[in-house]
Amino acid sequence: QRQPREKRAEQSILKSGVKQIAAGYVVYGSSTVLVYTTGNGVHMFTLDPQIGAYVLTRENVRMPDYANQYSINEAYCHTFPKPYQNYLEWAKQKQGGSCSLRYIGSLVADFHRILLKGGVFLYPPTAKNPEGKLRLMYEANPLAFIAEESGGSASDGKQRILEQQPANLHQRTSLIIGSKKNVDEILGFVNETQGPPRS
């Protein structure tokens, strides 16, 4: 029996993030910036209001390998799984407390800062949302593609974000995204449920 057209359309896009061919976002602030990738590096365009067009301002953007900062809504810390709590406690104490929290509260704005300056953004599972809260298909996957194309990394704590197979359009996920070494540092806690990663 043929599926209704709407169901066929949804099934056709329920593919893992590795099959994406492009991703991008626009961030608004003192300037309006378009960031995008088609799988050949990450490029940045800035809106020039005088000509009404975006102008290429940075080509082949590379995310720093590591930065001593993290981004998370710590108000929910008590609801995070213990390994995430352990990481946050360790991060605050390492290197004489020089690791800093930078949190805007907007996924795209927080990610944009990390793309340029390095560090890591976390949205762990919580007691209320054990699978995570961010949407896999249209929040986590596009940013994961950009992160990887710029030399960074993205995980749900168990696997690479881009390898998750979505079951529905609004599927939720947890997210650890940013500089590769920062992400690996957190995964050392999440996967081993122990103290700081061994150097």
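List of remarks:
- Cut-off under 5 Å, modelled amide H: who pairs with Thr57 long-range: Met44, Phe45, Thr46
- Residues whose amide H lies under 5 Å from that of Leu134, counting only those 5 or more places away or on a different chain, are Thr173; hydrogens are built 1.01 Å from N in the peptide plane.
- Here region 68-113 is treated as a sphere whose radius is the Kirkwood value from Cα pairs; by Stokes-Einstein at 20 °C and 1.002 mPa s it diffuses with a coefficient of 188 µm²/s.
- Cut-off 17 Å, label 7 Å out along Cα→Cβ of Gln50, residues of region 16-35 by amide N: 31-32
- For the chain, the per residue solvent-accessible surface stands at 55 Å², with DNA, RNA and ligands left out and a 1.4 Å probe.
- Largest first and in whole Å, the equivalent-ellipsoid semi-axes of region 63-143 read 20, 19, 9, each the square root of five times a Cα gyration tensor eigenvalue.
- For the chain, the carbon plus sulfur part of the accessible surface works out to 50%, probe radius 1.4 Å.
- Taken one residue at a time, the phi angles of region 31-41 give Karplus couplings (6.51, -1.76, 1.60, θ = phi - 60°) of 9, 9, 10, 9, 10, 8, 9, 10, x, 10, x Hz. Gly and Pro are set to x.
- Across region 60-66, computed HN-Hα scalar couplings (Karplus, 6.51 cos²θ - 1.76 cosθ + 1.60, θ = phi - 60°) run 6, 5, 10, 6, x, 5, 7 Hz from first to last residue, x flagging Gly and Pro.
- Each Cα pair under 8 Å and six or more residues apart adds its sequence gap; the mean of these over the residue count of region 1-140 is a relative contact order of 19 percent.
- Amide H contacts of Gly152: Met63, each under 5 Å away and 5 or more positions distant or on a separate chain (H built 1.01 Å from N in the peptide plane; Pro and chain starts excluded).
- Aspartates and glutamates with Cα under 13 Å of Lys94, excluding same-chain neighbours fewer than 8 positions away: Glu185
- Couplings 3J(HN,Hα) for region 72-77, derived from phi with the Karplus relation 6.51 cos²θ - 1.76 cosθ + 1.60 (θ = phi - 60°), are 6, 8, 6, 4, 9, 3 Hz, where x marks Gly and Pro.
- Entries in Lys15/Lys128; Lys15/Lys181; Lys82/Lys133 that, when Cα-Cα distance is taken, lie over 20 Å: Lys15/Lys128; Lys15/Lys181
- Approximate shape of the chain as ellipsoid semi-axes (Cα gyration tensor, √5λ), whole Å, largest first: 28, 24, 14
- Relative to the current alpha-carbon distance between Asn168 and Glu59, full extension at 0.36 nm per residue lengthens the span by 35.8 nm.
- Equivalent ellipsoid, region 49-88 (semi-axes from 5 times Cα gyration tensor eigenvalues, Å): 38, 16, 7
- Measure of compaction for region 113-153 (Cα Rg per 2.2 N^0.38 Å): 1.29
The values are calculated or read from the model by the stated rules, or taken from the named source; none is laboratory data. Since this is a predicted model, take the numbers as computed values, not measurements. Because the Cβ atoms are built from the backbone with ideal geometry, glycine has one as well, and the counts that use them run over all protein chains shown. All accessible areas refer to the heavy atoms of the entire protein, side chains included, with ligands and DNA or RNA removed. Shrake-Rupley method; radii C 1.70, N 1.55, O 1.52, S 1.80 Å.
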